[in-house]
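As structure tokens, the structure follows; a few thoughts come after it.
The values are calculated or read from the model by the stated rules, or taken from the named source; none is laboratory data. None of the values given here were measured: they were computed from a predicted structure. Here Cβ is always computed from backbone atoms with ideal geometry, including for glycine, and neighbour counts include all displayed protein chains. When the accessible area is computed, the model is the full protein with side chains, heavy atoms only, and any ligands, DNA or RNA have been set aside. Shrake-Rupley method; radii C 1.70, N 1.55, O 1.52, S 1.80 Å.
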Amino acid sequence: MDAKHSIAADLLRWYDAHRRDLPWRARPGQRADPYRVWLSEVMLQQTTVATVGPRFTSWVARWPDIASLAAADEAEVMAAWAGLGYYARARNLVKAARAVADEHGGRLPDTEAALRTLPGLGDYTAAAVAAIAFGRRAVVVDANVERVVARLFIAAGKPAVRAAAETITPDERAGDFAQAMMDLGATVCTPRNPRCMLCPLTAGCAARREGVQESYPVKPAKKARPQRYGTIFWLERGGEVLLVRRPARGLLGGMRALPTGPWAEDRPGLEDAPVAAGWRMLNIAVSHVFTHFALELALAVADADAHTRPASGEYWPVARIDSAGLPTVFAKAARAIRGELCG
Ligand code: SF4
């Protein structure tokens with residue numbers, strides 16, 4: 001047996017005994033539901049398995065298949081995504097579900113190339129769905145797989161890792177192989193202190209042989225994250241607070257939110273307040289880190305009176321603010337403001 005087959009065979013044997021039981025996975029011997037595979041792969045991009053688990057379960061209880069998601073109200077889908085971040089993922093899920101319903105007879109296409117034509121399905125997701133849901137041979141490289149492969153072959157850089165992953169991906173059980181690599185990376189070949197003693201691939205692992213496991217994968221130098229500032233406005237009227245819908249395009253586009261002006265390099269103060277009112281700044285701020293910048297938000301509060309007429313928005317009961325589907329940064333601000341006003 002050559003090295004390629006040995007790695008796949010050893011890994012699949014380990015997987016059959018140690019696979020993680022996750023809510024989107026098929027039971028052994030059953031076929032995976034392509035919708036659940038696709039949804040889980042989208043949710044798991046940038047979000048941990050622990051966070052995704054309960055969110056996935058409630059999502060499929062509400063939208064159990066592609067047809068129900070295609071018919072869903074987009075604003076409700078966005079609200080259900082609240083807190084998972086990277087909201088373009090949710091918008092693309094709806095768009096792709098509608099494209100599947102309209103153009104593919106309600107079934108996800110079963111090849112990588114056809115999957116890639118759907119909104120939001122990039123190379124990774126198309127490969128993962130083709131392999132896991134349809135058993136196609138596809139090379140699936142997420143962060144866990146990248147780590148395992150980089151260590152096995154002492155491969156530096158994404159192209160080298162991908163080429164090495166290509167050489168060990170088997171023709172049969174490619175979906176199980178992908179999930180096995182993910183499980184090995186998550187539970188054994190961890191970023192720190194990999195548990196090589198428990199690893200089924202230890203005999204053929206170059207990084208283990210050289211004692212350089214934690215030097216791989218080689219990470220590109222991190223760019224400094226720019227700092228931006230903004231102000232969040234909390235306008236209260238009779239136990240309700242003004243919420244607005246963010247512009248459809250741009251960061252957190254289309255989401256329900258507290259009013260705020262542009263997020264800029266200088267502290268903006270009160271100039272973008274939604275209405276003229278007796279605004280006062282609280283002595284606290286809220287910080288949040290996005291992928292491309294860090295944000296510090298000042299918090300301004302005011303009471304609306306009968307003459308206060310914001311140009312847009314809706315008043316929402318403060319006591320039910322947790323059910324408004326606010327993105328994490330606004331939910332954080334709402335908690336901080338309520339704590340300060342009630343404390
Ligand atoms: S032997 Fe160690 S470093 Fe190599 S793949 Fe296994 S856990 Fe990772």
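Structure summary
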{"read-out": "Accessible area of E172 in the full protein assembly, 1.4 Å probe (Å², nearest 10)", "value": "140 Å²"}
{"read-out": "Of all accessible heavy-atom area on the chain, the percent that carbon and sulfur account for (1.4 Å)", "value": "51 percent"}
{"read-out": "Farthest positive-ward along region 3-215 dipole, Cα basis, beta-carbon charges - from P34, T202, A186", "value": "T202"}
{"read-out": "Gyration tensor verdict on region 227-342 (Cα atoms; rounded if a/c is under 1.5, prolate if a/b is larger than b/c, oblate otherwise)", "value": "rounded"}
{"read-out": "Listed residues A97, A143, A178, most fluctuating in the chain (Gaussian network, C-alpha, under 10 Å)", "value": "A143"}
{"read-out": "Heavy-atom SASA rank of E210, E265 (probe 1.4 Å, accessible area, largest first)", "value": "E265, E210"}
{"read-out": "Accessible heavy-atom area order of H307, H18, H104, highest first, probe of 1.4 Å", "value": "H307, H18, H104"}
{"read-out": "Contact order normalised by residue count of region 169-325, Cα under 8 Å, 6+ apart, percent", "value": "23 percent"}
{"read-out": "Relative contact order (%) - the chain, alpha-carbon pairs under 8 angstrom, separation at least six", "value": "16 percent"}
{"read-out": "Cα gyration tensor shape for region 1-144, rounded if a/c is under 1.5, else prolate or oblate", "value": "prolate"}
{"read-out": "Using distinct alpha-carbon pairs, which all enter the 1/r mean, Kirkwood radius of the chain in Å", "value": "22.7 Å"}
{"read-out": "Within region 227-342, percent of DSSP bridges classed antiparallel, to nearest 5", "value": "65 percent"}
{"read-out": "Whole-Å distance, taken between Cα centres, linking region 248-282 and region 133-206", "value": "45 Å"}
{"read-out": "Prolate/oblate/rounded call for region 91-236, Cα gyration tensor, a/c under 1.5 rounded", "value": "oblate"}
{"read-out": "Added length on full extension, which subtracts the Cα-Cα distance from 0.36 nm per residue, H104 to E340", "value": "79.8 nm"}
{"read-out": "GNM flexibility winner over the chain from V275, V42, V77 (Cα, springs under 10 Å)", "value": "V275"}
{"read-out": "Residues of type aspartates and glutamates that K332 reaches as a straight line, Cα spacing below 13 Å, ignoring anything fewer than 8 places off in the same chain", "value": "E296, D322, E340"}
{"read-out": "Listed residues T51, T125, T169, most fluctuating in the chain (Gaussian network, C-alpha, under 10 Å)", "value": "T51"}
{"read-out": "By accessible area with a 1.4 Å probe, ligands and nucleic acids excluded, highest first: order of E296, E271, E214", "value": "E271, E214, E296"}
{"read-out": "Among L297, A273, P317 - extreme Cα towards positive end, dipole of the chain, charges at beta-carbon", "value": "L297"}
{"read-out": "Label-to-label distance, nm, for residues given as T57 and L282 (7 Å Cα→Cβ offset)", "value": "3.2 nm"}
